[in-house]
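The values are calculated or read from the model by the stated rules, or taken from the named source; none is laboratory data. Note that the structure is predicted; figures quoted are calculated from it, not measured. Glycine also receives a Cβ, built like all others from the backbone with ideal geometry; neighbour counts cover every protein chain displayed. Only protein heavy atoms, including side chains, enter the accessible area calculation; ligands, DNA and RNA are left aside. Shrake-Rupley method; radii C 1.70, N 1.55, O 1.52, S 1.80 Å.
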Amino acid sequence: MKKRLILLTFFLGIGFFYYMSIGFKVDYEEIRLEEAPQNIRKDIYKDTSVTGFRAFQEGQHTYIYYKSNDTRNDYITTSVDMRWKAGGIVAMARVDYAANDGDISYDQLIKMDHRSSKDMKYEEKIMLK
């Protein structure tokens, strides 16, 4: 009985650690900017110098747009991942060196079910220079 309690506590601890540090993937869809609603495209194109995260609400969907702060026009790729982590939703942007020409991107737009942008947290992981 004591052994079972120790094993249960151990596995619950691992699960809690996973939830707090890595998180669970949120359902979302990566879309091209051309597929976004017109008013969202208009806001993004209005000021193309804005970098970092931007959140938009449109109908029953939330759109998260991330543009890397790339002033050197590097050979990079940009990706965004959404996760349930530590009791909230975290948008994690990763900017890294591109492996080939097909991977080059400086921004990413994702579409997901409606979420309050106030409850979201944003993280950036930029490659080493």
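The residue that is surrounded by the fewest Cβ atoms within 10 Å (Cβ to Cβ), counting only those in region 97-115 that are charged (D, E, K, R) and under 23 Å from residue 27 (Cα atoms), is 113. Within region 96-115, the residues that satisfy the criterion of being part of a strand (DSSP E or B) and closer than 13 Å to residue 53 by Cα are 107, 108, 109, 110. For residue 118, are the conditions met, namely being of a type outside the set (Asp, Glu), in a strand (DSSP E or B), open to solvent by 30 Å² or more (accessible area, probe 1.4 Å) and out of contact with any Leu (no Cβ under 6 Å at 6 or more places or on another chain)? No; evaluated as a whole, the condition is false for this residue.
Of the strands (runs of 3 or more DSSP E) lying entirely inside region 1-94, those carrying at least 1 residues that are within 21 Å of residue 120 (Cα to Cα), touching a Leu at 6+ places or on another chain (Cβ under 7 Å) and at pLDDT 90 or above are 29-31, 61-67.
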